[in-house]
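A quick write-up on the structure given underneath.
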Amino acid sequence: MTLIIQSKSGFRILLFKSKSTAIKHLAFITVFIGLFAVATNQTEAQINTSAELSGIINSGEQTPFWLQSNRNGIYGTGGSQLMGRFQVHGSEDFTDTVKLFYGGDLITRAGDSSTAFFNQGYLKLQAYNIELAAGRFQHRSPIHNENLSLGSLGVSGNSTPVPQVRLGTVDWVSIPFTQDFIQLRGHFSHGWLGSNRSTDDVLYHEKVGHARFGGSLPINLYGGLAHYAKWGGNNNPRFGDLPANGRDFWRVFFATGGDDSAPPGEEDYMLGDHLGAWDFGFFADIGEIEIKGYRQFPLETKDNLKLKSLQDALTGISITIPESMDFPITEILYEHLYTKWQDGPPRENVVDGVPCSELPPDTCRDEQMGNEDYYNHTIYLTGWTYERRTIGNPLFTPRADNQGVNNNRIVGHHVGISSQFNDIQLTTRATYSRNYGTYRHPFDSPKNQWSFSTGVEAPFSYNGHQFSFLTEAAYDNGSLVGDQFGLLLGLRWMN
């Protein structure tokens, strides 16, 4: 089956039913589609291009935390490095209500982890506030401050974007006859985590939904649920090829057990590795000032859907001040992260080392596991990581052997401030964390860590072209990732 979409100016795109491999590589094909649009469709398309050259100089072998975290994987984790970046992003209107967006983002990096890859390559078709997207594109969820936050416990923008096909709303959608008092927002994705992990060809599932209440009132409340899963895959070190047919897709979608081909335990509980987050908060407008408050509860088992581990959460508040108020601070944020409880101690320690299966009903909080062990899993050993970075909050640090995370019991505090002086943008972050390792592999003693950064982006014009000078200094101090200082210098050109 072949479907051809043609714009008013004659720009054509073929959408076809194909095997998953073809869809998976759509991220790379779209870069050439963008270049084709530049060459043949100048009258209708809106094209933005940029080129950037930047370098990081480090005092040690480890790149400071805030020079590498929450940057969509564009910088490496170790040593000094030089990064080149070329981006093409464009859009075209087919009709007043149907729009196409496309783009490519090529990264080349020289250093301890030299590489060249497409950080983004995507097509997005929008119609009536609904979007169908395919490829590799940057996104974060649920609802957090993308500029200053530590990052969601689900998808934070810390790792390279996962290739996926996604269907969802563009923005909040009002429920009819509620006069905007009730609004919904959500999306569903199917993706590919690839083979740079303990199991090859692992599949990715994501769905997120929120409801917002309040309409024109100065305070709106919201709540929602994010659900993620890793499933399928080949060459698992314990179970070989894992279930990944059409019925298994729906089992993962509804978080139910598999059939007799599933690994032990998953046929009765949940097929695949599931995690997620409850997300609650508010939006408030005080004059022109916008305030957002939120509390996000991590999930790893069905038991915690009942909100039985309320201690564990990412709690934050951010304040946005408009430029019209002529105040030097434009955004300020504070976040507190606590993840020590994890549904209690491991099941073998519930009552004098007696397993749950040998105790009376309801003695254990969950029949399958006595603790959550955030971002780790006993079958998908690489855990909630992609390309050796945590997909979620970057304070959860990956193991050097790519076998999950070695630190998920954390108490952290984080402050972010964004300031504007004329056209110069100043961003400062300060993070403190006290780290305990995991329940099964605790640190000998808690490890304290400080991480600081201050960055400046200064735009200027030269010979009719727009440039930005980039500089950022970062410093780490502590026993988790060590002591190091780094300096980033860069120059960006924009058309």
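What follows is calculated from the coordinates using simple rules that are stated; it is not laboratory data. All figures in this text were calculated on a predicted structure; none of them were measured in a lab. Glycine gets a Cβ as well: all are built from the backbone with ideal geometry, and neighbour counts include every protein chain shown.
Seen from all sides and averaged, what is the projected area of the convex hull of the Cα atoms in region 170-270, in nm²?
Approximately 8.6 nm², given one-decimal rounding.
Starting from a Cα-only point model with no solvent, please compute log10 I(q)/I(0) by Debye for the chain at q = 0.07, 0.12, 0.13 1/Å.
-0.40, -1.26, -1.49
Extension gain R71-W493, at 0.36 nm per residue separation less the Cα-Cα distance, in nm?
Net length gain for the segment: 150.0 nm.
Would you compute, for the Cα atoms of region 266-344, the largest minus smallest coordinate along each principal axis and list the three values in descending order, in whole Å?
59, 22, 17
Fully extended, how many nm does the chain gain between I57 and R295 (0.36 nm per residue separation, minus their Cα-Cα distance)?
82.0 nm is the gain from fully extending I57 to R295.
To the nearest 20 Debye, how big is the dipole of the chain about its Cα centre, given +1 on the beta carbon of each Lys and Arg and -1 on that of each Asp and Glu?
Taking the Cα centre of the chain as origin, the dipole is about 780 debye.
Given the rule -39500 (n - 2.57) for each run of at least 4 DSSP H residues, summed and divided by the residues of the chain, what is its mean residue ellipticity at 222 nm, to the nearest 500 deg cm²/dmol?
Result for the chain: -1500 deg cm²/dmol, rounded to the nearest 500.
With 18 Å as the limit, write out which pairs from K230/K308; K207/K302; K99/K207 have Cα-Cα distances beyond it, or answer none.
Exceeds cut-off: K230/K308; K99/K207.
Dividing the Cα convex hull volume of region 233-303 by residue count, how many Å³ per residue is that?
That works out to 135 Å³ per residue.
Skipping prolines and chain starts, which residues have an amide H placed within reach, meaning under 5 Å, of the one on V170, given they are 5 or more residues away or on another chain?
Close amide H contacts, sequence-distant or interchain: I130, E131.
Gap in Å between the Cα centre of region 278-300 and the Cα centre of region 403-437?
One Cα centre to the other: 18 Å.
Can you tell me the length gained on complete extension of the stretch D326 to F421, counting 0.36 nm per residue apart and subtracting the Cα distance?
Gain on extension, D326 to F421, equals 33.3 nm.
5 Å is the cut-off here: which amide hydrogens, built 1.01 Å from N in the peptide plane, fall below it relative to G478, excluding neighbours closer than 5 in sequence?
W450, D483
What's log10 of I(q)/I(0) for region 74-144 at q = 0.15 Å⁻¹, Debye sum over Cα points only, no solvent?
One equal scatterer on each Cα of region 74-144 leads to -0.63.
Net charge near P446: determine it from the other residues with C-beta under 15 Å of the C-beta of P446, scoring Lys and Arg +1 and Asp and Glu -1.
Summing Lys/Arg as +1 and Asp/Glu as -1 gives +3.
So if R0 is 51 Å, what FRET efficiency would N129 and S479 give, r being the distance between their Cβ atoms, rounded to the nearest 0.05?
The formula returns an efficiency of 0.55 here.
Hey, with R₀ at 60 Å, roughly what FRET efficiency would N235 and F469 work out to, going by the Cβ-Cβ distance, to 0.05?
0.80
Which residues in region 252-295 place their backbone N less than 11 Å from a point set 7 Å from the Cα of L305 along the Cα-to-Cβ direction?
In region 252-295, the label zone of L305 (backbone N under 11 Å from the point 7 Å along Cα→Cβ) covers 254-257, 270.
Measuring from label point to label point, each 7 Å out along Cα→Cβ, what is the Q179 to W250 span in nm?
For the pair Q179/W250, the computed spacing is 4.2 nm.
Please order T115, T95 by the number of other Cβ within 10 Å, starting at the fewest.
Ordered by Cβ neighbours within 10 Å, fewest first: T95, T115.
Report, in whole Å, the centroid distance computed from the Cα atoms of region 442-460 and region 127-146.
Region 442-460 and region 127-146 have Cα centres separated by 28 Å.
Could you state the per residue volume, in Å³, of the convex hull enclosing the Cα atoms of region 372-495?
132 Å³
Got a sec? Charge dipole of the chain, +1 on Cβ for Lys and Arg, -1 for Asp and Glu; which of V411, A51, H144 is way out at the positive end?
Of the candidates, A51 comes out farthest on the positive side.
Once you put a point 7 Å from the Cα of N448 and another 7 Å from the Cα of E267, both along the Cβ direction, what distance in nm separates them?
5.2 nm
Which order results if L333, L426 are arranged by neighbouring Cβ count within 10 Å, fewest first?
The order, fewest Cβ neighbours first, is L426, L333.
Give the Cα extents of region 413-471 along the principal axes, in whole Å, largest first.
60, 18, 13
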